[in-house]
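Accompanying notes for the structure given below.
The values are calculated or read from the model by the stated rules, or taken from the named source; none is laboratory data. The structure presented is a predicted model; accordingly, all values stated were derived computationally and were not measured. In case anyone asks, the SASA skips ligands and DNA or RNA and just uses the protein heavy atoms, side chains included. Shrake-Rupley method; radii C 1.70, N 1.55, O 1.52, S 1.80 Å.
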Amino acid sequence: MYIPRRLNHYKLLVPIIILIVIFSLVVNDAEAIVSVEKDRPIYGMPISESTQHYIWILCEGNEFPYELILSIYEVEGFGNLKLDNIKSDIETLVYYRGYWAKQGYPDEFVFDLILIARLRGPEGCRAFLKHTESYDLNDYVQEVAEYKYYLEQSNDVASVII
């Protein structure tokens, strides 16, 4: 088949155009991923944004409330947070959540039990429940819950302003 000389120049143009289109699609997907990451809230806390980002990634991966772990650290004091300790803390809290949920407790009680178990361990939490009629009055549980609520509300306000 005969192809005029002028059309030979265009044979190279078609693959270049295809590459440009593919590249633009990849760049758009990458921008979408970056914008999703920017949606994570950064709070004015005495830990770096990168540490907050790391916590957020771990929480997302474990389907664990980001504001809850930040509230725990706020109430307990940030001290010398290490990334390995943060990962271990989240894994332990996720374990406690599963443990108490399997015991048949409703979600609203599981929240309290996770926090009490963090302080006392699962067996200590069981003993605490046996000897205390109203475990929701535990100061630690109340402080963490109040600060979590505060963070969630401040995030809602920030998202409305933006």
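So here's what we get for this one:
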item: Accessible solvent surface per residue of region 54-152, calculated while the other protein chains remain in place, 1.4 angstrom probe, Å²; result: 57 Å²
item: Rounded to whole Hz, the Karplus (6.51, -1.76, 1.60) HN-Hα couplings of region 147-154, x for glycine and proline; result: 5, 4, 4, 4, 4, 4, 5, 5
